[in-house]
Amino acid sequence: MADAVLELADGRRIPYRVAVSPRGHAIRFRLSALGGLVVTVPRAFDRSRLGTIVDGKRDWVLHHLERLEAANPPTATLTPPREFKLLALAETWRVEYQAALAKVMTARTAGPGRIVVAGQVENMAACHAVLHRWLVRRGQDTLAPWLERLSGETGLRHGGIAIKGQRTRWGSCSARGGINLNYKLLFLPREWVRYVLVHELCHTVELNHSPRFWDLVQRFEPRAREISAALRNARAYLPAWVL
């Protein structure tokens, strides 16, 4: 349930929810397709000031809302994609659909920048699912070697790599040093993906978010804090069919 409403310059009224961070010291804004607009404030924040502060972020909200709408058009959840971009790899992929009687759907790479989906292509959910499996393979071919290169550069060893499609995490690291990476990283800017990979490698040494952990991350990625904050809005880069 919304706590208040922000009116944008184009006349749209955007409801937003206020969350309290017990440890935070600054106001944070987050806008996502799933969660809407969330404003996080410190515990002791004077709520009487919030309306003025939120009004001052109208241009920011409008900008990010337009990016969200561009990445998630209303028909995106109904129609399988004809084309998509993987920013992390600087790749654009065109998708072609071929109807076939086979019960098993397939998505194969049919040349540079070309994917062919074959089978019962009128089944939109199945088309999305087979494209997700294609993205897992693309992640295995690209994210896994990338992590290996960074492991060699940093000297941080891991206990194995798996590519998955987590709903809420870009990556994770187990107590044994096994690293899971989300194939959705492929849609994000390259420097953001590098940060996530470094972040997870650092967890093989510090399985926490202590000051020692952040010191280690910043040794290999000086812009770690800045990129970490930007990642709060990373889902704006994801098309609706991969959410």
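Bear in mind that the values in this text are calculations on the coordinates, not laboratory data. Predicted, not measured: the structure shown is a model, and the values here were computed from it. Positions of Cβ are backbone-derived with ideal geometry, glycine not excepted, and every protein chain shown enters the neighbour counts.
Brief remarks on what is shown
- Cβ-Cβ FRET estimate between R157 and A110, R0 fixed at 45 Å, reported to 0.05: 0.75
- A straight chain from Q166 to V136 at 0.36 nm per residue would run longer than the Cα-Cα distance by 9.7 nm.
- Rounded to 0.05, the FRET efficiency of the A44 and E91 pair, given R0 = 51 Å and the Cβ-Cβ distance, is 0.60.
- Antiparallel DSSP beta bridges within the chain, percent to nearest 5: 55
- Karplus 3J(HN,Hα) series, Hz, for the range 165-175 with 6.51 cos²θ - 1.76 cosθ + 1.60 (x for Gly, Pro): x, 4, 7, 10, 10, 7, x, 7, 9, 8, 4
- Each Lys and Arg Cβ is given +1 and each Asp and Glu Cβ -1; about its Cα centre, the chain then shows a dipole of about 420 debye.
- Distance between modelled label sites at E226 and R67, nm, 7 Å Cα→Cβ extension: 1.5
- Efficiency of FRET between A102 and L243 - r from beta-carbon atoms, R0 22 angstrom, step 0.05: 0.20
- Spatially proximal lysines relative to K184 (Cα-Cα < 16 Å; intrachain offsets below 8 disregarded): K85, K164
- Residues whose amide H lies under 5 Å from that of L6, counting only those 5 or more places away or on a different chain, are I14, Y16; hydrogens are built 1.01 Å from N in the peptide plane.
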